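In what follows, a single structure is set out as structure tokens and then discussed.
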Amino acid sequence: MKRALALLAFLTGWLVLGAVPASAHVEIVSSAPGDGARLSAAPPLVSVTLSENVGIQPGSIKVVDLAGTRADTGPVFQPGDVAEQLAVRLKPGLPDGSYLVEYAFVSADSHPVRGTFAFVVGTGPLVTSAGAVSAATGTDAAVDAVSTGVRWLAYLGVVLLGGLAFVVLCRPAARADPRARRLLRWGAGLVAATTVAAFVLQGPYATGRNLEAVFDTRLLADTLRVAYGKLLLLRLAAVAVLALLLPRLLRPDLPERLRSRYENLAVVTGFLVLLTFSATGHPVTDPIMFVSVSADLVHFGAIAVWAGGLAQLALCLHRPAADEDLVPVAMRFSRIAGGAVTAVALSGAVLALRIMPSLSSLWTTRFGLLVLLKIAGFAVLLAVASRSRRAVRRSLTPAAPPEGATKTVTADLRRLRQAVVVEVLLSVVVLALAALLTVTPPSG
């Protein structure tokens, strides 16, 4: 386990400290020519300076004339030593007239930023651009809705995989329970499927195109070139390893030495899955990225362990085995859930302080209102969880059954079962709010 923890620390430092800090969202700082500029002769190139280094993204800058004919020769390149500056060369001998520059970049947290600006060569009229030098983030409504749904399902998959901690730490007998194993397989399948879906959706999402463009090979290639696409591939590889590992780890007759190794490997691969979410979301926009990404890792990881454990607990409470005593199981999970709840609350507070532009944005922005809704959902979850903990503390001992009959469930156990089911349903709602937060800019 010590080796696994050391490896986790190394991976966090390598991926987070090796990344380039980003602003709240990428913005256009300046352009040459500027919007509305009137030039006596066509410039050799058009350049844009951004608020962060997004790397060279093919096709991110295009220049067209009034007829829609391309005036640039491509490809996009960095004209100097400034990593935040990108440019595209223009065709030589361009005639007088107005030219429209279209830009489309993907920021470090995977959100698209698009806009236009115009300039004129000669004495002709200037055609006003649609969006001046500003951040325009319009996306196709269907693509936006599907992307949000995919993120929600991805979170559900991670939560179901988080139930592995419950199996290992609270209910080892679940290794032989086909229902528990099935939940874990569903989790791995959901994460894998949503990762593929997120990869093919990113192109249309970033460029504002519709769902028909999901299999555009050029867009797929563009996604593969950016950090977001590479992290999705890392997630897919990690969950594939985890899926192959699960049947071996869950063997009831697995030797203890191998079990320890497999558990360490599961911790590392699970950590990588979590890291690919934290490294592609709002935390990477924090100038002190290590703090926010680390807080997000703790936040999401604690939610996965807590909510995933709830799903597994609800499963075993629904139809408890006749010869299984659930009292120790519930007590062990109660202690783990208490620690997870504390971690969720503290890390959530750190994230809010680091990501929210100001305190007033909590009630003046859509992002802030979603945060408040998530906090409210979390508060209700805590209230229901408190009821569960009281049920556990009240001598959760199943009544002695008549000879030859199965154990009857006490009133406390029934109350616990009802409370856990409510907690699971509330967790699904909170995850939906989290999915909406990931596609909403903190300032929007």
- Per the filter on the range 146-182, residues within 14 Å of V428 (Cβ to Cβ) and aliphatic (A, V, I, L, M) are L153, A154, L156, V158, V159, L160
- Candidates V284, V291, V226 - the one that is more than 19 Å from L161 (Cα to Cα), of a type in the set (A, V, I, L, M, F, W, C) and touching a Lys or Arg at 6+ places or on another chain (Cβ under 7 Å): V291
- Message: Suppose we keep only residues that are acidic (D, E) and in a loop (DSSP other than H, G, I, E, B) within the range 66-101. Which one would you say is nearest to T49 (Cα to Cα)?
- Response: E84
- Task: Report yes if T194 is out of contact with any strand residue (DSSP E or B) (no Cβ under 8 Å at 6 or more places or on another chain), hydroxyl-bearing (S, T, Y), more than 30 Å from Q312 (Cβ to Cβ) and assigned to a helix (DSSP H, G or I), otherwise no.
- Result: no
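Read-outs throughout are calculated quantities, based only on the coordinates presented, and are distinct from any laboratory measurement. What you see is a predicted model, and the numbers here were worked out from it, not measured in a lab. Methodologically, a virtual Cβ is constructed for each residue, glycine included, from the backbone with ideal geometry; neighbour enumeration extends over all protein chains shown.
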